[in-house]
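Structure first, then comments.
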């Protein structure tokens, strides 16, 4: 092994280099660095002369392996690992030595490339050996054979250990075996108070009360802890805690994301999915069934309440991407594949997955399944409809708004049509001017520029070209005028001609004579006036009949007027358009104009107590179809059609084509299968992660080939296999974990363990965990005594006063403008399936706790709790507060600090000293962290 | 080839907990950074103690020495017309009212004849670059400005174009530029948010997606400030305590610190406990610093006069104070919705909008220069696209049908950059004779992004974050650095 110097006090790279030198093979980070940064430079600029590929090896130097690099060529070793400045290779690429410039002939590397090579040398100049071609893990059979997570799930034997007493659960045998192999001992056991607080947070997301803590501390029966676990597992708050974890995976939110044009963004029924999830956890719904329902509840037999239909929200409540279908499908493929399989299938949308055996064909096999599913316009009801007064009122209000919508539409159309009847002259002139335009687009453009509707313009053109007698009698004079080049001069002769020849409309003749037009524009204006007059006469006749309670007139009495009216009314009249045509012309303004009304109907679903709950269901389309591969993900470039079926890498032998409707149920069954190597492993890893703060696999949404076999692979498999064996029961899994000695260890580590296992990969102690956003807010409410413990229902706004005291899981999640409070506390990104939360520590969190009215309110409520408000002196008050906040008694130094604080008479303010003190306790690390 | 395993990455420092931190303190935390950002990261900009080093906002050095250290993006949202501002087209004047001798390119709505600019252009500075009468004050600084006349985007619609401009992707949730920057660089002043976005009167369209952190940690999301307000507590959430005086809060925090220290002493050493203790001290200082930063009454009269009256002036002056105090990126929007989107009455509206911001932007450039900040401050001006050289035709429900405005145009438009290593007095590329399409040296939004990252010291292909199995970049799989834009 090569001795390394730590260059110029740069400790960082000293550590890095040391790691490389000690490792039997290249550190994965460095391997990646080499493959992505260095090998491409070598391949493009060096290998042609300095590798086994070289036709003629130059200078005796090869760069293919570290061995060759260290041996070097005629000038000596090419590299000194860890020391860039001393490495000839670096000197050569820097072009600083006139006698040694590589690549030669001025084909100098860029400064960034040189920097990459320097970095690589400084890190130890690792050269990972190229993998033989037969080990290509992008090939499904190879990956199945070689990648640990794709191999069948088998229950491993329980290891034999020395310290049998420590083994309370099979989990412990696996943990202990690894520790003993390294001559380490497990951590000490946590005290009772720590344990009840830990397990309460783990299962409920809430602290225990002081009474519960004391009872547990004083319970000396051997099964005290087991009974505690059972009690917590049976709590209705258990589902709120564990359901929320699943909602992260399901990228749950109560809104659709950005939508233009004032469309309602809220999902009316997202909460039915959330409540389904909470219920599923409380009822310990078998996980396989849980998956099947979330993917295909619509294809299963439904009970009377159809409750499981709500499960389909898993697929449907993602972002709407301005209704781009391929993006919506992509979101669904992603949530299913990462959420249930720990596979990043969505990477294969545009090209075959870069690392995993997932070709684009597989992506579009799934695409076809979701493209063959749709959301019904009217969502199915959940539960039996009860005919209540409230429900009837809901219907009445809904119908009222629907009536307003029809009325709005009617008015828009009438206004539009009325307008057309009063613009006859403009259209006549328009036809004249557009007669030389034959191109459709140019015609439309012309109409636009003249503020005419192209459809109506076309109708006038037709009337002029293919006229019957009536049209001729009215429009004939217009045509003659239009053909004249000197209207003022020709008018008398033309008018005389109309008088003498039969078949011209008398009103038109009279009007033209009276108007004596000097231009075509003036003639057009006369026509406008005459048509308007006929329309006014007609409207007067109609309203007169209405007033006199007579039947509506069928026509105008004066035949010449009636003749004009004929061109204004009726499906073939040029100045009229059929109803359907008007609707389509006005689609946009009608849609925009009725948006507030449509939103009002939507709103009824969450504002009206009689609104029935519905499922955000997905159903199969009547004719399911396959999708084509979209080349580079582009809908404009369809490639081959691919059948709807499961992923190749997870289909061990047969890979049947899905034939049952869209294939969602078949997909669901393929995922929720005991034969599927990933489903149980991925889920169990997550459950372990939520208990221990870290999973066996640290990328819980990616079990692909880039994810190393975990140190505790055997334990993961044991848990996963036992989980499946016990009917996919999550609560069974909890017991297996929680009753272990491993789980019950203290969170402080011994120096020996810390030195040997600094990352706690061996679970030689418990990881201290910080409260997540939900637990933090719920804890403040629980301690202040204000927590509203109701389960389920419509989401509530958490941000505005008066503050809701509901648990945080019931807060409205607006994925478009997620409130700062959520983001500040590392809430999961509701736009994409979230596998684990970030854990940042930033001053904005402190600002919220120091200054937000919500926290102040809790501090005041805490100070107002009876046992605190009624404390007869400071000593009693401090005792009572400690009991409530920390479920323990204060130690003398804490009492001392408290007394000093409470006796300080600095400034009068809006908070009493006790309230200020209460706030300090709420903000403390002891509240915020779980040991 | 064996696929590389998951390496240590910057992002890991937000996922791992106490053991990771307590084991390595600053060293290994930084190693994580070194690995993703490249080992040039031997030293960060500021000094950092252990707690600060674990902060996701601790200052970090980029891949190579940066030309720019901070960014201000002045967003003329709605799409300012390039042929009326920075891209003169005499041919439009000549053809006014007549069809172009080419097919009108497809934009969102139908457009008709050539529509001459109602504004006059003249030459400014030594470079003699032409600018219209809309921006005479900005034009005074033209020799410090690189005008990119050959920008182009993908579609003529606001929503996708805003996302493309801000996040490098038109539809799917991706981190915004400010999020990438604060992820890559941290921020210099820990007492202020690292990425601030200001918009008076509400949100632009697409709302907070424009400054989203997407899959990056939430702390990298832009902090939105409604600059319509002037009171500090309406500007920054929870920045002030309405219940206790500063002295009382100090006493509370002193007690908290003592309790937390006793708590920590009863446990083995744990960096995450220490980090949280520190975060309260930071928050306490933030209250004072943020209040100060937003208080423009502290500026001398002459400076306030330089920026002039109005909301634009106020928010740009605040922006300068923030940049001066070490905020990494400030984005300044003209107003809620899409003010520059003048489908009708373009002349009147563009004149009004430009009058609102010309003097303040000119003042900002002068002010930055005078303070010696311009060299390291990258100033970006532009919209999400430009506008058509042809007149927009009436569309019921979509415009007022006045036939005196322009439609959106993504085929070609103008943006300008100044300061921060940008080549001043330079015009890059051009549109066609009429200003419809970028024809010479076209610069796609991804190219702009690659260039901006370059100026900030990043190889855009190497600033990555692994999410859902993929190493994501601001430029996705695109982008070429436009070297000519760099001084």
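Across the range A:433-449, the number of residues qualifying as surrounded by fewer than 13 Cβ atoms within 10 Å (Cβ to Cβ) and touching a helix residue (DSSP H, G or I) at 6+ places or on another chain (Cβ under 6 Å) comes to 0.
Taking the range A:751-802, which residues are in contact (Cβ under 8 Å) with a residue 60 or more places away in the chain and within 23 Å of residue A:715 (Cα to Cα)? Matches in the range A:751-802: A:753, A:756, A:757, A:760, A:762, A:763, A:764, A:765, A:766, A:767, A:768, A:769.
Yes or no: the range A:299-306 includes at least one residue that is outside any loop (DSSP other than H, G, I, E, B), surrounded by 24 or more Cβ atoms within 10 Å (Cβ to Cβ) and at pLDDT 90 or above. Checking the range A:299-306: not a single residue is outside any loop (DSSP other than H, G, I, E, B), surrounded by 24 or more Cβ atoms within 10 Å (Cβ to Cβ) and at pLDDT 90 or above.
Considering A:453, A:483, the condition of being modelled with pLDDT under 90 and over 60 Å from the mean Cα position of the chain (by Cα) is satisfied by A:483 alone. If the condition is being over 26 Å from residue B:55 (Cβ atoms), touching a helix residue (DSSP H, G or I) at 6+ places or on another chain (Cβ under 6 Å) and within 7 Å of chain A (Cβ to nearest Cβ), then the range B:201-221 contributes only B:206. The one condition from (1) at pLDDT below 95; (2) outside any helix (DSSP H, G or I); (3) under 23 Å from residue A:181 (Cα atoms) that residue A:741 does not meet is (1).
Here's the yes/no breakdown for (1) within 11 Å of another protein chain (Cβ to nearest Cβ); (2) over 30 Å from residue A:655 (Cα atoms):
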{"residue": "A:294", "(1), (2)": "no, no"}
{"residue": "A:326", "(1), (2)": "yes, no"}
{"residue": "A:332", "(1), (2)": "no, no"}
{"residue": "A:336", "(1), (2)": "no, no"}
{"residue": "A:349", "(1), (2)": "yes, no"}
{"residue": "A:362", "(1), (2)": "no, no"}
{"residue": "A:394", "(1), (2)": "no, yes"}
{"residue": "A:399", "(1), (2)": "no, yes"}
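The set of residues in the range A:309-324 being more than 12 Å from chain B (Cβ to nearest Cβ) and surrounded by fewer than 24 Cβ atoms within 10 Å (Cβ to Cβ) consists of A:316 alone. Here residue A:202 does not fit the description of being more than 25 Å from residue A:609 (Cβ to Cβ), assigned to a helix (DSSP H, G or I) and in contact with a strand residue (DSSP E or B) (Cβ under 7 Å, 6 or more places away or on another chain).
Filtering the range A:717-749 to residues that are within 30 Å of residue B:471 (Cβ to Cβ) and in contact with a helix residue (DSSP H, G or I) (Cβ under 6 Å, 6 or more places away or on another chain) leaves only A:720. Scanning for something in contact (Cβ under 8 Å) with a residue 24 or more places away in the chain, under 27 Å from residue A:649 (Cα atoms) and within 14 Å of chain B (Cβ to nearest Cβ), does the range A:114-127 turn up at least one residue? Looking for residues that are in contact (Cβ under 8 Å) with a residue 24 or more places away in the chain, under 27 Å from residue A:649 (Cα atoms) and within 14 Å of chain B (Cβ to nearest Cβ), one finds none in the range A:114-127, hence no. Looking at the range A:157-169, which of its residues are over 17 Å from residue A:765 (Cα atoms) and surrounded by 15 or more Cβ atoms within 10 Å (Cβ to Cβ)? Answer for the range A:157-169, where residues must be over 17 Å from residue A:765 (Cα atoms) and surrounded by 15 or more Cβ atoms within 10 Å (Cβ to Cβ): A:158, A:159, A:161.
Only a single item in (1) within 15 Å of the chain's Cα centre (by Cα); (2) within 14 Å of chain A (Cβ to nearest Cβ) is not met by residue B:198, and it is number (2).
Of the numbered criteria (1) buried (at least 21 other Cβ atoms within 10 Å of the Cβ); (2) at pLDDT below 95; (3) more than 9 Å from every other protein chain (Cβ to nearest Cβ), the one residue B:181 fails is (2). Within the range A:83-132, the residues that satisfy the criterion of being surrounded by 13 or more Cβ atoms within 10 Å (Cβ to Cβ), more than 46 Å from the chain's Cα centre (by Cα) and not in a loop (DSSP other than H, G, I, E, B) are A:88, A:89, A:90, A:91, A:92, A:93, A:94, A:100. If you check B:97, B:112 for being part of a strand (DSSP E or B) and either closer than 19 Å to residue B:414 by Cα or at pLDDT below 95 (or both), only one passes: B:112.
Among the residues of the range B:201-239, which ones are over 17 Å from the mean Cα position of the chain (by Cα), farther than 19 Å from residue A:829 by Cβ and in a loop (DSSP other than H, G, I, E, B)? Result: B:201, B:202, B:228, B:229, B:230, B:231, B:236, B:237, B:238, B:239. Checked against (1) within 14 Å of another protein chain (Cβ to nearest Cβ); (2) closer than 30 Å to residue A:838 by Cα; (3) in a loop (DSSP other than H, G, I, E, B), residue B:160 passes all but a single condition, namely (3).
Being surrounded by fewer than 20 Cβ atoms within 10 Å (Cβ to Cβ), more than 8 Å from chain B (Cβ to nearest Cβ), in contact with a helix residue (DSSP H, G or I) (Cβ under 9 Å, 6 or more places away or on another chain) and not in a loop (DSSP other than H, G, I, E, B) is the requirement here; does residue A:752 meet it? Spelling it out, it is not the case that residue A:752 is surrounded by fewer than 20 Cβ atoms within 10 Å (Cβ to Cβ), more than 8 Å from chain B (Cβ to nearest Cβ), in contact with a helix residue (DSSP H, G or I) (Cβ under 9 Å, 6 or more places away or on another chain) and not in a loop (DSSP other than H, G, I, E, B). Taking the numbered list (1) at pLDDT 95 or above; (2) within 13 Å of chain B (Cβ to nearest Cβ) in turn, residue A:701 passes all entries but (1). The range A:829-919 holds helices (runs of 4 or more DSSP H) entirely within its bounds, and those carrying 3 or more residues that are facing chain B (nearest Cβ under 7 Å) map to A:843-851, A:892-903. Residue A:823 meets the conditions (1) within 14 Å of chain B (Cβ to nearest Cβ); (2) part of a helix (DSSP H, G or I); (3) in contact (Cβ under 8 Å) with a residue 24 or more places away in the chain in every case but one. The failed one is (3).
Of the helices (runs of 4 or more DSSP H) lying entirely inside the range A:309-378, those containing at least 1 residues that are over 17 Å from residue A:620 (Cα atoms) are A:325-336, A:360-371. All conditions in (1) touching a helix residue (DSSP H, G or I) at 6+ places or on another chain (Cβ under 6 Å); (2) part of a loop (DSSP other than H, G, I, E, B); (3) away from chain B (no Cβ under 12 Å) hold for residue A:430, with the sole exception of (2). What residue, among those in the range B:225-241 that are on the phi < 0 side of the Ramachandran plot and within 8 Å of another protein chain (Cβ to nearest Cβ), is modelled with the lowest pLDDT? This residue is B:237. Of the helices (runs of 4 or more DSSP H) lying entirely inside the range B:242-311, those carrying at least 1 residues that are facing chain A (nearest Cβ under 7 Å) are B:246-265, B:271-294.
The values are calculated or read from the model by the stated rules, or taken from the named source; none is laboratory data. Owing to the predicted nature of the structure, the values given are computational and were not obtained by experimental measurement. Ideal geometry is used to build each Cβ from the backbone, glycine not excepted, and the neighbour counts take in all protein chains shown.
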